[in-house]
Amino acid sequence: MTASEPAEVEAEAEADVVVVGYGPVGQATAILLARRGWRVTVLERWPRPYPMPRAVSFDGESARILAAAGVGPAMTEFGEPSRDYTWRNAAGDVLLHVDVPERGRSGWPDSTSMYQPALEEALAERGSRLPGLRVLRGHRVVALAERDGHVELTAVLDGSPPDRTRRLRARWVVGCDGANSFVRTSLGVETTDFAYFNDWLTCDVVLREPAVHRPNNLQICDPARPRTAVSAGPGHRRWEFMRLPGEPAEEFGRTESAWRLLGLFGLHPGNATLERHAVYTFQARYVDRWRVGRVLLAGDAAHLMPPFAGQGMCSGFRDAANLSWKLDLVLAGTAPAELLDTYTLERRAHVQHAIGMSMDLGRVICETDPAAARDRDEVMIAVRARGLREDRAQSAVEPLTAGFLRGGAAARGGGPQRPPQPSRPGRPGPPSVPVGDLVPQGRVRVGDRTGLFDEFVEPGFVLLATWPAGGHLHLRPETDAAFALLGGRLVNVVPATGEEPPAVAAGSADASARITVVDVDDVYLRYLALAGADAVLVRPDFYLFGRVPAAAPPAADTRAGGPAVQRSDSVEELVGDLLAALGAPIPVGKH
Ligand SMILES: Cc1cc2nc3c(=O)[nH]c(=O)nc-3n(C[C@H](O)[C@H](O)[C@H](O)COP(=O)(O)OP(=O)(O)OC[C@H]3O[C@@H](n4cnc5c(N)ncnc54)[C@H](O)[C@@H]3O)c2cc1C
């Protein structure tokens, strides 16, 4: 795990976690850990933030994660809803059109176009307000080694005198150091590489006069030159051009070729300023192990994919969300280190899907054979004409089917998600929501305030239940205390059309935080119905851990106490299964 051995001048006290790299994924990871109270030190190679954008959009789940990291209020400064995405062929016929809802499954736009330097600035500003987070710029990590339950790192300091170094000790290290990750190399992990290589010239352009772009995001599937024109956040636009087979690479990257190609969109130095241009070689690969001992990988350090599905950075944000709550529990001693093995399992499955989807889209977009392109166009135009495809974006994530889920795997209701099935009156219908599903976010009302669920209920383990009017959710005191120790919250969801509940119902004898929310948009009650559940237990990264099957209607329930008691038993078991899966120190049993 060692590179060169420069002269050493400083040794440092320890951090709970050292994050290597302060790109967007390192930022999200560091913030999500520091806001849980851990001492996090970031080592970043460059003395100043990288001023140029790479990514131009993120999805709704990423927006929810970013909001959890604390930059929700700044979202309109660095981003704007993407609105639409259209593919056309060389003749201008529409091959595919997607309308992007402004309020998607995660409560945020399904796609937000953003200016990456502004996003990073917002995250850096948020990070600077967290007392436990220390960012050391101009620190290039050159060595790391695990010793005595710690990881020792050496960083070369930028500037003079040369070879000045700093040594740090951390309980855990997360390598977020990008595509050429030193941390990944030093771990020696295997990589699955799809040998996918495609060169695209990326041009970030500022127009002299403001213009309205319809569609806002356009893919031109022209076999003579596949190309793209998209929003790159408020006030910014990006144009991209594929290098054709046999086209010389050096010439392709020159400023003259950038202007020549921008001319395809009517752009020239008279009406536009070329802020920068760069050729990127898109690749597709992921590491087989995301954890080796006390060192973990996240973001581009762990996976690369062509950007056709806009999922590279988003996958990194999912890494950050998945890893941070698990590392939090391990650091706190609430869960064993083995919990972190589910990080590999869960994130690898998601990333495999996102990579496959990105490569599939790339194959269709990057077609340069005119005959094959004609066939493609015919099929896509016919599919559109017959209404065989909805104008909705396909999700880049599938429900988790293995990992930290009730029962270890989504044995009950696992597999691909089926379309919503209406329940039959009087009998709960078959659940169409598998364990491992990404739980939606809707607006709720608490007292006289309406907002997104996360504004009222901080991300953590959340037991979402619908309880009979006047009823109360009873957990045994020890279960309740253990759930509270995890920061668990019990949320009672009531319909918008019922009697107004008290603003916040805090159970006096209970340890867990309790809150009653009005389901303003019928997101949660509908979800519980689809899940065939009276209650669902949601993980801090918004994935479904497990559910309490809906109780039989009162007429069929012969047990003393009726459905309320039966529900309490089942909720007890669900929370008990969570605590058991974590190896929680407080014993939990069934009644
Ligand atoms: C043209 C293009 C378009 C894209 N579009 C999208 C999109 O629309 N949506 C999307 O989700 N993704 C997109 N992506 C992918 C996205 O840009 C990346 O996935 C994302 O930026 C990766 O973030 P990261 O934090 O993992 O890595 P990086 O942003 O590469 O950050 C790594 C950091 O680690 C630091 N570092 C490296 N080595 C060391 C070391 N030894 N010591 C200390 N620090 C170190 C680096 O200086 C850097 O700051 C696109 C990519 C490209 C190229």
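Just so it is clear, none of the values below were taken in a lab; they were calculated from the coordinates. Model, not experiment: these values are computed from the prediction. Counting neighbours? That spans all protein chains shown, and the Cβs are built from the backbone with ideal geometry, glycine included.
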Q: Please work out the FRET efficiency for the pair LEU264 and LEU345, using the Cβ-Cβ distance as r and a Förster radius of 41 Å; give the result to the nearest 0.05.
A: 0.35
Q. Mind checking Rg over Rh on the chain, alpha carbons, Kirkwood formula for Rh?
A. 0.99
Q. Where the only charges are on Cβ atoms (+1 Lys, Arg; -1 Asp, Glu), what is the dipole of the range 185-308 about its Cα centre, to the nearest 20 debye?
A. 340 debye
Q) Got a sec? Charge dipole of the chain, +1 on Cβ for Lys and Arg, -1 for Asp and Glu; which of GLY104, SER324, VAL491 is way out at the positive end? A) VAL491
Q: Calculate the length of the line joining the C-alpha centroid of the range 100-155 to that of the range 218-234, in whole Å.
A: 29 Å
Q: With a point put 7 Å past each Cα toward its Cβ, work out how far ASP93 is from THR281 in nm, to one decimal.
A: 3.6 nm
Q.
Relative contact order for the range 275-356: what percent, with Cα pairs under 8 Å and sequence separation of 6 or more?
A. 33 percent
Q. Out of residues 5 or more away from GLY442 or on other chains, whose amide H comes under 5 Å of its own, with H placed 1.01 Å from N in the peptide plane?
A. PHE453
Q. Rg to Rh for the range 1-132: what is it, with Cα atoms only and Rh by Kirkwood?
A. 1.11
Q) 222 nm [θ] for the chain, helices only, -39500 (n - 2.57) per DSSP H run of 4+, per residue, to 500? A) -8500 deg cm²/dmol
Q) Highest mean first, what order results for 447-455, 300-308, 226-234 on Cβ atoms within 10 Å? A) 300-308, 226-234, 447-455
Q | P(r), alpha carbons of the range 241-368 - 10 Å bins starting at zero, rounded % | A | 11, 30, 25, 18, 11, 5, 0
Q | Farthest positive-ward along the range 201-331 dipole, Cα basis, beta-carbon charges - from VAL287, ALA232, CYS221 | A | VAL287
(Q) Contact order normalised by length for the chain, with contacts defined as Cα pairs under 8 Å and 6 or more residues apart; what percent is it? (A) 13 percent
(Q) Quick check: the distance between the Cα centres of the range 171-206 and the range 250-316, to the nearest angstrom? (A) 11 Å
Q. Can you sort ILE65, ILE365 so the residue with the fewest Cβ neighbours within 10 Å comes first?
A. ILE365, ILE65
Q. In what sequence, highest mean first, do 186-198, 350-362, 237-249 appear when ranked by Cβ atoms within 10 angstrom?
A. 350-362, 237-249, 186-198
